[in-house]
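Worksheet: the structure to be examined is printed underneath.
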Amino acid sequence: MFIENLEREINNGGFNQFYFNSSGDFSLETVDALLAIGASKTALIVKKANSQFPDTNILKDRGQRQEILLQIEDNAQPVWDECDTEFYKYQEHISDLLVKYIEENKEKFR
């Protein structure tokens with residue numbers, strides 16, 4: 001679900017929207033999920049985007065995170081724009097990696 005949320009938000013409005021919405025609650029877990037399925041290039045993009053938060057501390061509380069977004073947005077947006085562009089290149093076939101992961105780990109989905 002973390003990966004699906006990431007794709008939906010980035011394709012709809014970029015990293016700024018990803019963090020603004022509830023999907024941002026799981027920014028750090030999203031990196032872990034990408035690494036688990038073997039999407040290391042995409043994980044690096046998300047890590048770079050995450051690094052724009054002070055101490056890479058991305059609050060799970062959406063309201064508090066939105067307040068921080070307002071404070072960091074001017075400096076972070078150029079980096080997020082770069083991350084958006086890199087993400088849109090789809091250097092990895094995320095859906096194929098997800099299917100492969102599920103097939104290889106069926107016992108985790110029962």
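The values are calculated or read from the model by the stated rules, or taken from the named source; none is laboratory data. Because the structure is a prediction, the values reported are computed rather than measured. FYI the Cβ positions are ideal-geometry reconstructions off the backbone, even for glycines, and counts take in every protein chain you see.
The condition (being touching a residue at least 24 places away in the same chain (Cβ under 8 Å), under 21 Å from Asn12 (Cβ atoms) and among the small types (Gly, Ala, Ser)) is satisfied by just one residue among Ala39, Ala43: Ala39.
Considered as a group, the residues in the range 37-60 that are of a type in the set (A, V, I, L, M) and touching a Cys at 6+ places or on another chain (Cβ under 7 Å) include one that is nearest to Tyr101 (Cα to Cα), and that residue is Ile45.
The residues of the range 94-110 that are surrounded by 16 or more Cβ atoms within 10 Å (Cβ to Cβ) and more than 17 Å from the chain's Cα centre (by Cα) amount to a single one, Tyr101. Any residue at all in the range 6-14 that is under 26 Å from Phe109 (Cα atoms), part of a loop (DSSP other than H, G, I, E, B) and modelled with pLDDT of 95 or more? No, every residue in the range 6-14 fails to be under 26 Å from Phe109 (Cα atoms), part of a loop (DSSP other than H, G, I, E, B) and modelled with pLDDT of 95 or more. Filtered by the rule that a residue be aliphatic (A, V, I, L, M) and either at pLDDT below 95 or surrounded by fewer than 11 Cβ atoms within 10 Å (Cβ to Cβ) (or both), the range 70-93 gives a lone residue, Leu70.
When Ser95 is tested against (1) in contact with an Asp or Glu (Cβ under 9 Å, 6 or more places away or on another chain); (2) over 18 Å from Asn5 (Cβ atoms); (3) polar (S, T, N, Q), only condition (2) is not met. Please work out if Glu29 is touching a residue at least 60 places away in the same chain (Cβ under 8 Å) and in a helix (DSSP H, G or I). The answer is no for Glu29.
For the range 11-36, a tally of residues being over 22 Å from Val99 (Cα atoms) and either over 8 Å from the mean Cα position of the chain (by Cα) or surrounded by fewer than 18 Cβ atoms within 10 Å (Cβ to Cβ) (or both) returns 10.
Residues in the range 91-108: is at least one small (Gly, Ala, Ser), part of a helix (DSSP H, G or I) and more than 11 Å from Asn16 (Cα to Cα)?
yes
Would you pick out the residues in the range 56-78 that are farther than 15 Å from Val46 by Cβ and either assigned to a loop (DSSP other than H, G, I, E, B) or in contact (Cβ under 8 Å) with a residue 24 or more places away in the chain (or both)? Talk me through it step by step, then tell me what you get.
Taking the range 56-78 first, the residues farther than 15 Å from Val46 by Cβ are 57, 59-75, 77-78.
Scanning the range 56-78 gives Asn57, Leu59, Lys60, Asp61, Arg62, Arg65, Gln66, Leu69, Glu73, Gln77.
Only a single item in (1) within 19 Å of Asp96 (Cβ to Cβ); (2) crowded, with 16+ Cβ neighbours inside 10 Å; (3) among the basic types (Lys, Arg) is not met by Arg8, and it is number (2).
Figure legend. Inter-residue proximity from the range 79-105: first residues farther than 17 Å from Thr30 by Cα and touching a residue at least 12 places away in the same chain (Cβ under 8 Å), second residues of a type in the set (S, T, N, Q) and in a loop (DSSP other than H, G, I, E, B), beta-carbon distance below 9 Å, spacing 6+ or different chains. Indicated pairs: Val79/Ser51; Val79/Gln52.
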